[in-house]
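Right, one structure below, let's go through it.
The values are calculated or read from the model by the stated rules, or taken from the named source; none is laboratory data. Please read all numbers here as calculations on a predicted model, not as lab measurements. We place every Cβ from the backbone using ideal geometry, glycine too, and count neighbours over all the protein chains shown. For accessibility, only protein heavy atoms count, side chains too; no ligands or nucleic acids. Shrake-Rupley method; radii C 1.70, N 1.55, O 1.52, S 1.80 Å.
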Amino acid sequence: LRKEAKAERDSLRPSTLWLRKDETVSTISVSPAGNAMLLVTTIPAGDRQRATEIPHCVTKSGYTEEKKSCDKVGDVQDGGLVAYIPLTRADPTWLALIPGDTTNAPGLALVNGGDDEGTSALIFAVSFDWKTRFIYTVGAKGALTARDTLRDSAWVDGPAFGQAGWLDGGRRIWFVSEADGYAHLYSMAANGSERKQLTKGKWEVLDVALSADRRTFYLHTSEESPFEEQFYRMA
């Protein structure tokens, strides 16, 4: 009986996931339905990244010494991967977040929560060269679908970068994007259609918080914002 009970317990456990050298787990997000989780890892740039070296002339040794400073913008950055892991005995699935790039890890990968029914989760990913940003939904068995893509030949980044979430019980998605050149608030249907720009102007959204009833956005904006009370109420 003990062997049978142990075999049954083992059959319910997720399969072991092995990480590469120096790769670490950064976040774990469990589905509201409790049937799967998304695991995000961090992969350090390591020897591929060089820090700026600054010569110091006034030293105890009396000789000029090099001291490392911050990394240069545009140099190799840390990366990360996302794995879909069923919480029953099944193999994990590494999600292919950057189309056409099988060698480099994404420059950034974030999980922005699951919908109310626990059938779909939101993933925010940036290409290794930081020129393309993707917003995905991931469903059963790790099925990945791109819902919004932003490209910039210089750099995809900016205020409130990476902020996104669910609305209307999972029927809509909100996110911050610099699609018009300024960081503004957008929404779209969960299937990527009906994209709407909720804020607009020569000012930027710096931070977003959603009220408990999920009908009001509280915004931290730049000084040029016309929102005196710093909130946006959805219709």
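Quick check of the Kirkwood formula: for the range 112-235, what is the inverse mean of 1/r over all pairs of different Cα atoms, in Å?
On the way: mean 1/r = 0.0670 Å⁻¹.
Across the range 112-235, the inverse of the average 1/r is 14.9 Å.
Quick one: if the Förster radius is 30 Å, what FRET efficiency do Thr103 and Ile54 give, using the C-beta to C-beta distance and rounding to 0.05? Please list the in-between numbers first.
On the way: r = 33 Å, r/R0 = 1.09.
My answer for the efficiency is 0.40.
Starting from the Cα of Trp155, move 7 Å in the Cα-to-Cβ direction to define the label point; list residues of the range 118-146 whose amide nitrogen is under 13 Å from there.
130-131
Of the listed pairs Lys21/Lys196; Lys141/Lys202; Lys21/Lys67; Lys131/Lys202, which have alpha-carbon separations greater than 31 Å here?
As for pairs spanning more than 31 Å Cα to Cα, those are Lys21/Lys196; Lys141/Lys202.
What does the extension gain come out to for Leu198 and Arg214, with contour length at 0.36 nm per residue minus their alpha carbon separation? The partial results should precede the final answer.
On the way: separation 16, 0.36 × 16 = 5.76 nm, distance 1.48 nm.
Working it through step by step, the gained length comes to 4.3 nm.
Write down the accessible area per residue of the range 124-195 in Å², having rolled a 1.4 Å probe over the full set of protein chains. Don't skip to the end; give the middle numbers.
On the way: 2870 Å² over 72 residues.
Per residue, the range 124-195 has 40 Å² of solvent-accessible surface.
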